Amino acid sequence: MLKLDILALGAHPDDVELSCSGTLIKHAQMGKKVGVVDLTSGQLGTRGNPVLRIQEAHEAAKIMKLAVRENLQMEDGFFKNDKEHQLKIIEVIRKYKPDVLLINAPEDRHPDHGRAAQLAKEAAFLSGLAKISSSFNGTAQEAWRPKTVYNYIQSMYLKPDFIVDISKVMEQKMQAILAYKSQFFDPNSKEENTFISSPEFLEFIKSRAKELGQIASCQYAEGFIAQRYLGIEDLTELF
């Protein structure tokens, strides 16, 4: 079974692309094994449809050079933080054994985001408990808990605990976002306009990355919130 260095979970296809795809692309280029698991297929989205959203997600995965991408087919808008849904995420964590887990923002404009964050946070802890049973393809899984869990930042501005320089991969990040042709600005689209389908929204994504980059003395960056205090060995490696 493929072991991942970094696994990112997203409530919807495109959550990860908008928020932390630069970080994933950068680490994939560094030779790290990186993957994404979407909880839903965005069934309630105003534009597009679930089949198209999954197709777009796999196109984005190619751009991001992901080692794996899956969709858990939870119910968009109505998934819960309960045993049934926790076990689905536990199975994924134990399947890929990521050292780092990236999850949705702890609070955001879309209620699914904060709920997905809490669900993933609790499942990540429970995944390390040996007395919780799970299986994949009929084979019992071993307990596994990621070393670290970080929230990425979404529409609502939240103060990051640390920032990742994505200046060299910003172009690829935007390409991954634009793989979702049904969701983002397309002057030829006949579908209803939404919060994220305007050209101004794409400019917002770039501006957010530029703002975080300026704070960290680089061109573009992505921010993350830590679940615990961070430790370092060498102060001179900080930029």
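The values are calculated or read from the model by the stated rules, or taken from the named source; none is laboratory data. As the structure is a computational prediction, the values presented were derived from the model and not from experiment. Glycine gets a Cβ as well: all are built from the backbone with ideal geometry, and neighbour counts include every protein chain shown. Note: areas computed on protein heavy atoms with side chains; ligands, DNA, RNA excluded. Shrake-Rupley method; radii C 1.70, N 1.55, O 1.52, S 1.80 Å.
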Single condition SER182 does not satisfy, out of (1) open to solvent by 20 Å² or more (accessible area, probe 1.4 Å); (2) closer than 28 Å to GLU56 by Cα; (3) touching a residue at least 40 places away in the same chain (Cβ under 8 Å): (1)
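Among the residues of the stretch 34-56 satisfying the criterion of being among the hydrophobic types (A, V, I, L, M, F, W, C), over 12 Å from the mean Cα position of the chain (by Cα) and open to solvent by less than 80 Å² (accessible area, probe 1.4 Å), which is farthest from LEU2 (Cα to Cα)?
So in the stretch 34-56, the residues among the hydrophobic types (A, V, I, L, M, F, W, C) come out as 34, 36-37, 39, 44, 51-52, 54.
Filter once more, so that each one left must be over 12 Å from the mean Cα position of the chain (by Cα): 44, 51-52, 54.
Then drop every residue that is not open to solvent by less than 80 Å² (accessible area, probe 1.4 Å), which leaves 52, 54.
Values: LEU52: 27, ILE54: 21 Å.
Only one residue tops the list, namely LEU52.
If I go through the stretch 40-58 residue by residue, how many of them are within 25 Å of ARG94 (Cβ to Cβ) and part of a helix (DSSP H, G or I)?
Residues of the stretch 40-58 within 25 Å of ARG94 (Cβ to Cβ): 40-41, 54, 57-58.
So of that shortlist, the ones also part of a helix (DSSP H, G or I) come out as 54, 57-58.
Looking only at that region, the number is 3.
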Any hit, the stretch 122-133, residues being open to solvent by 40 Å² or more (accessible area, probe 1.4 Å), assigned to a loop (DSSP other than H, G, I, E, B) and touching a Leu at 6+ places or on another chain (Cβ under 8 Å): yes
VAL37, sole failed condition from (1) in contact (Cβ under 8 Å) with a residue 60 or more places away in the chain; (2) assigned to a strand (DSSP E or B): (1)
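Would you call SER207 of a type in the set (Gly, Ala, Ser) and open to solvent by 80 Å² or more (accessible area, probe 1.4 Å)?
Numbers: of a type in the set (Gly, Ala, Ser): yes; open to solvent by 80 Å² or more (accessible area, probe 1.4 Å): no.
Spelling it out, it is not the case that SER207 is of a type in the set (Gly, Ala, Ser) and open to solvent by 80 Å² or more (accessible area, probe 1.4 Å).
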Residue that is most open to solvent (accessible area, probe 1.4 Å), among those in the stretch 18-33 that are touching a residue at least 12 places away in the same chain (Cβ under 8 Å) and more than 16 Å from ASN151 (Cα to Cα): GLN29
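For the stretch 155-173, what are the residues that are basic (Lys, Arg), open to solvent by 20 Å² or more (accessible area, probe 1.4 Å) and either at pLDDT below 95 or within 24 Å of HIS110 (Cβ to Cβ) (or both)?
If we filter the stretch 155-173 for residues that are basic (Lys, Arg), which is where we start, we get 159, 168, 173.
Next cut, open to solvent by 20 Å² or more (accessible area, probe 1.4 Å) only: 159, 168.
LYS159, the sole residue that qualifies.
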Boolean, LEU87 is touching a Cys at 6+ places or on another chain (Cβ under 6 Å) and touching a residue at least 12 places away in the same chain (Cβ under 8 Å): no
Residue count, the stretch 57-67 (criterion: open to solvent by less than 50 Å² (accessible area, probe 1.4 Å), of a type outside the set (Gly, Ala, Ser) and without any contact (Cβ under 8 Å) to a residue 60 or more places away in the chain): 1
